[in-house]
Each structure stands twice: as C-alpha cells, then as structure tokens.
Amino acid sequence: MKFFLLISLIGFCWAQYDPQTQYGRTAIVHLFEWRWVDIAKECERYLAPKGFGGVQVSPPNENIVVYNPSRPWWERYQPISYKICTRSGNEDEFRDMVTRCNNVGVRIYVDAVINHMCGAGGGAGTSSTCGSYYNANNRDFPSVPYSAWDFNDGKCDGEINNYNDANQVIDLGGEAIKGSEYFGNGRVTEFKYGAKLGTVIRKWNGEKMAYLKNWGEGWGFVPSDRALVFVDNHDNQRGHGAGGASILTFWDPRMYKMAVGFMLAHPYGFTRVMSSYRWPRNFQNGKDVNDWIGPPNNNGVTKEVTINPDTTCGNDWVCEHRWRQIRNMVAFRNVVNGQPFSNWWDNGSNQVAFGRGNRGFIVFNNDDWSLSTTLQTGLPAGTYCDVISGDKIDGNCTGIKVTVGSDGKAHFSISNSAEDPFIAIHAESKL
C-alpha cells in the first residue's frame, strides 16, 4: 500500500533506551553539516523555545579533504585523527556549542566514526581538515597515533558494492566491516576518541557495535545522567534512528512532511528529524545526481546559516525543522508524551487516523480522492486549532479549526490536493 510505503520509516532496533533529554522534550534534530557556531545560536534562538531535546551533529574529528567529487558530505566519514577540527569548526567552538546548548536544555549527540579510518584510496599527505599528516595505504595515522599494528588485518576485502547487502556492510558477530575503510581496533579507538572529546561518551545505539559489550558503561568518568555529550554510531543510521525512529529525506516535501508527522505522532521509540541543505533533490533516471554534494560553501568554506524574516533559513540552507508542520509536530509529540496509542481508523486504503490517549489526534489522506468522515478522537469537547495548517496565537487559530463534540467525535475533511493532506490537533491547541 502506498501509504505504508510512505511510513516505513520506523526502525527495528531497540537501543539502550535513555536519550538523556531534558524532561518533556521527546525529539532531536540532525543539523547535518552545520557549523558549531550556528548550532549554538540555533539552540538558543529556536530549538530550546520550540521544545527540541537535542542536536545530532556531524562527526567532529579531523577528516580527509576530498576534491573529486568536490568536498562531498561523505568526507566527514573518512577520519584521519581525533582532533576536533573540521569544516564545522574547531575544538573551542565545539566546546562553546556544547556548553551553550546544554545551558538551554538542548543536548548534543555526536555522530561518531569510531570503527574505521579513511580508505586506502585516500593516499598520503596533509590534505586533511587540520593539516595532519597521514598515509592511508600504509595505515599510518600519526596524529592519533595509529600504525598498521593497530588494525585488524584480513578483515577488509575491497569496496562495498551493494549497501542493501548486509553481509557486505556489517557482521554483527563482530568480524569486521567489509569495506574500503581500514577497520581499527575498536577498544583503542573508542578510548582515544572519547578521551579527546573530554567527557563521558555513552553508548546510545549499539547494534553495529554489538561486540563491544560495555562500550558506553566502560568509561566511568562521570555518571551518565551528568554527561554533556552522547554518541550515535553513524554506521547504525541506515534507515532507522538511534534508539527509535528516524526519517529519510524524501525528494517530495509533501510526502516528507506527512512521513515526519506520522513518525512524531506515533509512540514508537525516540525520534530524530533530519534538517538538510539540499532541497528539492535533483532526480534523473531514479538517481539523485546531487548525491555527493556537500554543505553550502564559498570556495570550500561552509556558509553561515542565516535566518530570513519569515523564520526560514537562507544562504542555501533548507532547515526542515523550522517548517511549521515539522516544529508543530515536535510540540505535538511533547504534548502527547506518555499517552497510549488509541482510536486507530483506516479506510482500507491510504487514509488513516489515530490518537494518543486524550491528548492528541492526527488524520492523514494519502489517497487520490478526498477524505470526509467523522472520527472518535478521544479528546475533550471543544474547538481545536489544526497545527499543520496554522498556529494557535493569542487564543486564535491561523489555520483550520476542528470541533470535537461531547462524545469525543469530530468531522474531518481533507482534500487529496491539499498542500498538506493531514490534520493534527492536541490538548494545547484547544482554543
């Protein structure tokens, strides 16, 4: 069914589930490739006031600089040292970001590359984000320091040709990543990287690193409830989130908003929203021709994230987390937190609806015809503001109003041609 293809975003891995967010904040955002100085500002001016619980940041450790293709996103996943030195910023800026975000209740989650260094094709020299020398072919990374003795020989057999083939990507039994990157000694790597970050690093998701049984608990520097930085294993992010649900960046904004809306309304796991810098994607013959593109930049220098008068982002940044539909669904999730999944309805096709106890209700129309029906919402009687089409401001609604009767039922009408063919109401959107 088309709708359920849309919502096949929910992951199938339960992690060590303790996201460490401030009480009442139930979602984080991945500010992909943002600079540390911009993330610090965003925590203070937007994320904290809008109820976001945290930020997943791109890998902060020094990486190889790739010129062909020109500065792609994936160069961040080709580490050559554990210096906090990338195109996102330096160590002082990283620490300032962590402090400022934590001061307003927004946690920092590091996208950590801890189980490999750059591939042999990286060559040798100082073409790195902090100028450190490396010789990839000889497995020589003196800035860590690592030499060939620190790597697991015989466990890499060339390029990954098919990322849909789990046997090529991962062996959960602990054998190795079968890719072009050099596979290092995990215990040594985690210690060196964690020590460099200068604080406790807690295992947040350990599916791919299952053979490191006590990776997070092994630090013991600071109790985990006082940690400032947490880790999400990058290689465990293909199609699901850290400890719960995530959402891939669809090329169709309409579908993307519905998918994220479903994810944030559903009680499963802990949710993460993607915020990107390339939209719409450029698809040709089913392939995204901009697939390797890096962040907006001027001659390789990452651009500042500017904010337009309408609160959207400028300077070629997209910032989906600032879209009304997305940030209002983050608020929805916070409001319904702890409430049970309830009042499911579907039409046998691609129109569905469900509630979260007596705190929220959401309706989707992904069919090619209009939806018009009366549904049990489970909410108290009253008039509610649909937070997808508008905002509740000073007791009024800038969007669609929904009236819930004394029996908890409400009538919903959603055109299949609507800009956003879904409606969401919750206890705090009551007028």
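So if we plug the beta-carbon distance of Asn347 and Thr383 into 1/(1 + (r/R0)^6) with R0 = 25 Å, what FRET efficiency do we get, rounded to 0.05? Please list the in-between numbers first.
Details: r = 25 Å, r/R0 = 1.02.
Between Asn347 and Thr383 the formula returns 0.45.
Over every pair of different alpha-carbon atoms in the range 288-397, take the mean of 1/r and invert it; report that Kirkwood radius in Å.
17.3
What does the extension gain come out to for Asn137 and Lys401, with contour length at 0.36 nm per residue minus their alpha carbon separation?
Working: separation 264, 0.36 × 264 = 95.04 nm, distance 6.32 nm.
Once the chain is fully extended between Asn137 and Lys401, it gains 88.7 nm.
Report, as a whole number in µm² per second, the diffusion coefficient that Stokes-Einstein gives for the range 338-431 at 4 °C and 1.567 mPa s using the Kirkwood radius over alpha carbon pairs.
Working: Rh = 13.2 Å.
Result for D is 98 µm²/s.
Past 32 Å, Cα to Cα: identify those pairs from Lys41/Lys83; Lys41/Lys401; Lys50/Lys409; Lys303/Lys392, in the order given. Before the final figure, lay out the partial values.
Values: Lys41/Lys83 23 Å; Lys41/Lys401 34 Å; Lys50/Lys409 29 Å; Lys303/Lys392 34 Å.
The pairs that break the limit, which is 32 Å between Cα atoms, are Lys41/Lys401; Lys303/Lys392.
Write down the accessible area per residue of the range 58-129 in Å², having rolled a 1.4 Å probe over the full set of protein chains. Please report the intermediate quantities before stating the final value.
Numbers: 2230 Å² over 72 residues.
Computed with neighbouring chains in place, this is 31 Å² per residue.
Can you send over the carbon and sulfur percentage of the accessible area for the range 21-70, probe radius 1.4 Å, protein chains only? Could you put the intermediate results ahead of the total?
On the way: 760 of 1500 Å².
Heavy-atom surface of the range 21-70 belonging to carbon and sulfur, 1.4 Å probe: 50 percent.
Once label points are set 7 Å from the Cα along Cα→Cβ at both Asp368 and Glu91, what is their separation, rounded to one decimal in nm?
6.0
Compactness ratio of the range 74-156: Cα Rg over 2.2 N^0.38 Å, N = residue count?
Values: Rg = 14.9 Å, N = 83, 2.2 N^0.38 = 11.8 Å.
For the range 74-156, the normalised Cα radius of gyration comes out at 1.27.
Extension gain Thr99-Asp310, at 0.36 nm per residue separation less the Cα-Cα distance, in nm?
Details: separation 211, 0.36 × 211 = 75.96 nm, distance 2.82 nm.
That works out to 73.1 nm of additional length.
Using 7 Å Cα-to-Cβ label points, what is the Leu431/Arg45 separation (nm, one decimal)?
Between Leu431 and Arg45, the simple spin-label model gives 3.2 nm.
Hey, can you rank 393-401, 77-85, 371-379, 123-131 by average C-beta count inside 10 Å, highest first? Show your work: numbers first, answer last.
Values: 393-401: 12.6, 77-85: 23.6, 371-379: 18.7, 123-131: 15.8.
The peptides rank, most packed first, as 77-85, 371-379, 123-131, 393-401.
In Å², what does the accessible area per residue of the range 317-406 work out to with a 1.4 Å probe? Could the numbers behind the result be given before it?
Working: 3380 Å² over 90 residues.
Ligands and nucleic acids excluded, the figure is 38 Å² per residue.
Report the extension gain between Tyr23 and Asn416 in nm, rounded to one decimal, defined as 0.36 nm multiplied by the number of residues separating them, less their alpha carbon distance. Please report the intermediate quantities before stating the final value.
Details: separation 393, 0.36 × 393 = 141.48 nm, distance 3.75 nm.
Gain in length upon complete extension: 137.7 nm.
If R₀ is 35 angstrom, what is the calculated FRET efficiency for the pair Ala120 and Asn299, using the beta carbon separation as r and rounding to 0.05? Walk me through the numbers before you get to the answer.
Values: r = 28 Å, r/R0 = 0.81.
Between Ala120 and Asn299 the formula returns 0.80.
Quickly work out the Tyr67-to-Ala148 label distance, labels modelled 7 Å from Cα along the C-beta direction, and quote it in nm with one decimal.
2.8
The values are calculated or read from the model by the stated rules, or taken from the named source; none is laboratory data. All values reported here derive from a predicted model rather than from experimental measurement. Every residue, glycine among them, receives a Cβ derived from its backbone with ideal geometry; neighbour counts consider all protein chains shown. We work out accessible area using only protein heavy atoms, side chains counted, and drop any ligands, DNA or RNA first. Shrake-Rupley method; radii C 1.70, N 1.55, O 1.52, S 1.80 Å.
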